[in-house]
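To start, the structure under review is shown below, and the notes come after it.
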Amino acid sequence: MNEIYRQTWAEINLDNLAYNYNSIKNYLNNKIVIPIIKANAYGHGDIKVMERLYKEGVRICGVSLLEEALLLRNIFSDIVIIMLGPALEKDLKICSDNRIDITIYNEDIYELVLKCDFNLNCQFKIDSGMSRYGIKDINKAVKMVNLLMEKDNINLRGIYTHFATAEDNKEFYNKQIEVMQLVLSKLDKLPSMVHMSNSASILQFENDYDFTTHVRLGISLYGSLPVSFGINLKPVMRLCTKIVQIKKLNPGDCLGYGITYCPNKPVYVATLPIGYADGIWKAYKKGYVEINNKKYKIIATICMDVCFVKVDKSIKIGDVVTIFGGLIPVEVVGSTVKTNSYEIFTSVSYRVPRIYVEEK
């Protein structure tokens, strides 16, 4: 979007992104960080995010879809791109031509890879207990990996798993660790990359393991901590809008769809040009926004393009309103609507322009 017409935008602070990346990288004991920039970098903008990370020395990333991988490959010719999501038979040659690592996550894709007569970079996924993608049978997984490692045209450079409960269930988490360690102990030869940890596992446990080489950094790259931990991160996204109208409502007046807000005394109401089509959930009608370093209550029903805030006489048309990323952390917004920061970030829709700021 070359021109910005709406008074609603998401400010993406790339200096904070770099700060978060380097803080976690420096915390780790010589592990290589794989930034996860799937889903348009969790709504932050994959190209801009990767451009800044590239400046920080990053030469590897993870995505979910082939479309995401190809978009990055068209710009970054020399980075490793790991496609964590499923690949179809028709995708394999495309991945080969574009040097994209596919994930072998079930027996069907494994058989297709064995039949390839072209070079292909691969990662092998172990289902250690989450039951999403991956090979669950340990002995079968070992045989598959050993055979793949012998294939001249197959570069099986990574093996990994994914944790279901790194945030809140250490017992189940430990069972997944045991499965992964058992698989690795049975292999004839290890791939050059062994990775397990997501953000929650990185922060709590990764430094306890000497058998991994890489970690996958997702939500914490963008400044959100999935667990309480003694490391300070900075918010990367600030969702903003501006007041376009202020009305005085008197007793007897009602506001919005369903007329759910009917004051019993005079109040001032600010109209904000942002709604649920932009990423401010209808359930956030119980929440707050920030104006001039102070919190103000959302009132009435949140519309597709509009929401309303009860304000005082100090507030003016044109004042900047921060939905999250300032006084109100994204985690607070998430908990208010009974979800998490992942959904809040990725709910900020395409029609909200991203404005990138950086000084370094």
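Bear in mind that the values in this text are calculations on the coordinates, not laboratory data. This one's a predicted model, so the numbers in the text were calculated from it and none came from an experiment. We place every Cβ from the backbone using ideal geometry, glycine too, and count neighbours over all the protein chains shown.
Determine Rg/Rh for region 258-324; Rg is computed over alpha-carbon atoms and Rh is the Kirkwood hydrodynamic estimate from the same atoms.
We get a ratio of 0.93 for region 258-324.
Test of understanding: ordering Ser96, Ser185, Ser201 by Cβ neighbours within 10 Å, fewest first, what list do you get?
If I rank by nearby Cβ atoms, fewest first, I get Ser185, Ser96, Ser201.
Springs between alpha-carbon pairs under 10 angstrom, Gaussian network model over the chain: which of Lys38, Lys93, Lys242 fluctuates most?
Evaluated over the chain, the most mobile residue of the options is Lys93.
What does the charge add up to near Asn146, with Lys and Arg as +1, Asp and Glu as -1, over the other residues with Cβ less than 10 Å from its Cβ?
Summing Lys and Arg as +1 and Asp and Glu as -1 gives +1.
Looking at the chain as a GNM with Cα springs under 10 Å, which of Tyr288, Tyr268, Tyr276 has the largest mean-square fluctuation?
Tyr268
In a shell of Cβ-Cβ distance under 13 Å around Lys170, excluding Lys170 itself, what net charge do Lys and Arg (+1) and Asp and Glu (-1) give?
Its environment carries a net charge of -4.
I need the shape label for region 31-222. Rule: rounded when a/c is under 1.5, else prolate if a/b > b/c, else oblate, with a, b, c from the alpha carbon gyration tensor.
oblate
Which residue, Leu327, Leu217, Leu203, has the most motion in a Gaussian network model of the chain that connects Cα atoms within less than 10 Å?
With Cα springs under 10 Å in the chain, the top fluctuation among Leu327, Leu217, Leu203 is at Leu327.
Okay, which of region 271-312 sit inside 11 Å, backbone N to the point 7 Å along the Cα-Cβ direction of Arg351?
Flagged as within label range: 274-279, 304-306.
So how far apart, in nm, are the two label points at Ile231 and Ile47 if each is 7 Å from Cα heading toward Cβ?
Using points 7 Å along Cα→Cβ, the separation is 3.0 nm.
Pairs Lys115/Lys143; Lys242/Lys285; Lys294/Lys338; Lys25/Lys90: which are spaced more than 26 Å apart, C-alpha to C-alpha?
Lys25/Lys90
Once fully extended, how much extra length lies between Phe172 and Met304, figured as 0.36 nm per residue of separation less the alpha-carbon to alpha-carbon distance?
Result for the pair: 43.4 nm of gain on full extension.
Using a Förster radius of 35 Å, what is the FRET efficiency between Val332 and Ile246 based on their Cβ-Cβ separation? Nearest 0.05, please.
The value I calculate is 0.85.
When you have a sec, figure out the Kirkwood radius of region 237-357 from all distinct Cα pair distances and drop it here in Å to one decimal?
Value: 14.5 Å, from the Cα pair sum.
Give me the distance between the Cα centres of region 1-54 and region 70-144, rounded to whole Å.
25 Å
How about region 281-345: which trypsin sites (Lys or Arg not before Pro) there lie in a loop by DSSP and see at most 15 other Cβ atoms within 10 Å?
In loop regions of region 281-345 (DSSP not H, G, I, E or B), the sparsely surrounded trypsin sites (Lys or Arg not before Pro) are Lys313, Lys316, Lys338.
Compute the length gained on full extension between Thr271 and Asn26: take 0.36 nm times their separation in residues and subtract their Cα-Cα distance, giving the result in nm to one decimal.
Taking Thr271 through Asn26 to full extension adds about 83.8 nm, to one decimal.
Given Phe345, Gln245, Gly325, which one lies farthest toward the positive end of the charge dipole of region 237-357, if we put +1 on the Cβ of every Lys and Arg and -1 on the Cβ of every Asp and Glu?
The Cα lying farthest towards the positive end belongs to Gln245.
Taking the alpha-carbon distance from Lys170 and a cut-off under 20 Å, which aspartates and glutamates remain once sequence neighbours fewer than 8 residues away in the same chain are dropped?
Counting by Cα, and skipping residues close in sequence, Lys170 has these aspartates and glutamates nearby: Asp127, Glu178, Glu206, Asp208, Asp210.
Residues with beta-carbon under 13 Å from that of Ala283, excluding Ala283: net charge, scoring Lys, Arg +1 and Asp, Glu -1?
With Lys, Arg at +1 and Asp, Glu at -1, the net is +3.
Run lengths n ≥ 4 of DSSP H only: what is the helix-derived mean residue ellipticity at 222 nm for the chain, with -39500 (n - 2.57) per run over all residues, to the nearest 500?
Roughly -8000 deg cm²/dmol at 222 nm, from the helical runs in the chain.
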